[in-house]
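Everything on this sheet refers to the single structure shown next.
The values are calculated or read from the model by the stated rules, or taken from the named source; none is laboratory data. Quick caveat: nothing in here was measured; it's all calculated off a predicted structure. FYI the Cβ positions are ideal-geometry reconstructions off the backbone, even for glycines, and counts take in every protein chain you see.
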Amino acid sequence: MLATATQPTTTFAISNASILDLDDLAPLFVAYRQFYIDHSLQYAQCPQSPEEARAFLAERLVLGDSRLYIARNAENQAIGFAQVFMSFSSMVLCRSWVLNDLFVSPDSRGQKIGEALLAHVELEAKATGVAILTMETSPENVHAHRLYQQMGYVREMGHLHFVRKLS
């Protein structure tokens, strides 16, 4: 599925990513991770090498255990991406997706690319029978909070999130 959005100075397209997009996706993925490593103590001890991040992304693309979407500008440069992981809800008894990663390069922000990526993910989810899309973000990422709320997402207050590192 190809989604196109036009702004006064920019045209961009969103498509499903494949291993052929790895060279373009990897720098965006590294920049995305660096934001969270820099802004959250939770991620301070995460692997930080670009090579490890690239290998992780390559594995997702090869194994197909996530779905990646890439936004490209009119010059075919990668300017953003979204990654979802498939899951299920045992309470609602349905398929669900976790929007784990959403990133737009800083020089491409303010052009509705994040909104378009999120809308594209929603269309793909609906087309494959997914009933629930969830996400999480750091408390400091107020721009993401605003985007999600503008797109109709509701902050769930009734649950606590627990994490235990196993290795």
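Quick one: in the stretch 73-116, of everything that is closer than 19 Å to residue 56 by Cα and of a type in the set (Val, Ile, Thr), which residue is farthest from the chain's Cα centre (by Cα)?
98
I'm checking my understanding of the structure. Among residues of the stretch 23-80 that are touching a residue at least 40 places away in the same chain (Cβ under 8 Å) and of a type in the set (D, E, K, R), which one is surrounded by the fewest Cβ atoms within 10 Å (Cβ to Cβ)?
24
Give me the residue from the stretch 69-102 that is out of contact with any His (no Cβ under 8 Å at 6 or more places or on another chain) and small (Gly, Ala, Ser) and, out of that set, farthest from residue 115 (Cα to Cα). Reasoning before the result, please.
Restricting attention to the stretch 69-102, the residues satisfying the condition of being out of contact with any His (no Cβ under 8 Å at 6 or more places or on another chain) are 70-81, 83-102.
Those still in the list that are small (Gly, Ala, Ser) too: 71, 74, 78, 80, 87, 89-90, 96.
Details: 71: 11, 74: 18, 78: 16, 80: 11, 87: 23, 89: 25, 90: 29, 96: 20 Å.
Looking at residues that are out of contact with any His (no Cβ under 8 Å at 6 or more places or on another chain) and small (Gly, Ala, Ser), I get 90.
Can you find even one residue in the stretch 66-88 that is assigned to a loop (DSSP other than H, G, I, E, B) and either in contact with a Cys (Cβ under 7 Å, 6 or more places away or on another chain) or at pLDDT below 95 (or both)? Give the steps one after another, and end with the answer.
Step one: list which residues in the stretch 66-88 are assigned to a loop (DSSP other than H, G, I, E, B), which gives 66, 74-77.
Narrowing further to those that are either in contact with a Cys (Cβ under 7 Å, 6 or more places away or on another chain) or at pLDDT below 95 (or both): none.
No, there is no match, as no residue in the stretch 66-88 is assigned to a loop (DSSP other than H, G, I, E, B) and either in contact with a Cys (Cβ under 7 Å, 6 or more places away or on another chain) or at pLDDT below 95 (or both).
Go through (1) acidic (Asp, Glu); (2) under 16 Å from residue 24 (Cβ atoms); (3) in a helix (DSSP H, G or I) one by one and return the number of the condition residue 59 breaks.
(2)
Of all residues in the stretch 1-52 being among the β-branched types (Val, Ile, Thr) and closer than 19 Å to residue 119 by Cβ, which is modelled with the highest pLDDT?
Going residue by residue through the stretch 1-52, those that are among the β-branched types (Val, Ile, Thr) are 4, 6, 9-11, 14, 19, 30, 37.
Imposing the further condition that a residue be closer than 19 Å to residue 119 by Cβ reduces the set to 4, 6, 10-11, 14.
On the way: 4: 54, 6: 44, 10: 66, 11: 91, 14: 98.
It comes out as 14.
Just checking, does the stretch 137-151 include any residue being part of a loop (DSSP other than H, G, I, E, B), in contact with a strand residue (DSSP E or B) (Cβ under 9 Å, 6 or more places away or on another chain), of a type outside the set (S, T, N, Q) and surrounded by 12 or more Cβ atoms within 10 Å (Cβ to Cβ)? Don't jump to the end; show me each part of the working.
Initial filter on the stretch 137-151 (part of a loop (DSSP other than H, G, I, E, B)): 137-141, 151.
Subsequent filtering for residues that are in contact with a strand residue (DSSP E or B) (Cβ under 9 Å, 6 or more places away or on another chain) retains 137.
Those left that are additionally of a type outside the set (S, T, N, Q): none.
For the stretch 137-151, residues part of a loop (DSSP other than H, G, I, E, B), in contact with a strand residue (DSSP E or B) (Cβ under 9 Å, 6 or more places away or on another chain), of a type outside the set (S, T, N, Q) and surrounded by 12 or more Cβ atoms within 10 Å (Cβ to Cβ): absent.
This table checks each residue for (1) of a type in the set (A, V, I, L, M); (2) in contact (Cβ under 8 Å) with a residue 24 or more places away in the chain; (3) more than 14 Å from residue 82 (Cα to Cα); (4) touching a Ser or Thr at 6+ places or on another chain (Cβ under 9 Å).
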residue: 103; (1), (2), (3), (4): no, yes, no, no
residue: 121; (1), (2), (3), (4): yes, yes, no, no
residue: 124; (1), (2), (3), (4): no, yes, no, no
residue: 128; (1), (2), (3), (4): no, yes, yes, no
residue: 131; (1), (2), (3), (4): yes, yes, yes, yes
residue: 135; (1), (2), (3), (4): yes, yes, no, no
residue: 138; (1), (2), (3), (4): no, yes, yes, yes
residue: 154; (1), (2), (3), (4): yes, no, yes, no
residue: 158; (1), (2), (3), (4): no, no, yes, no
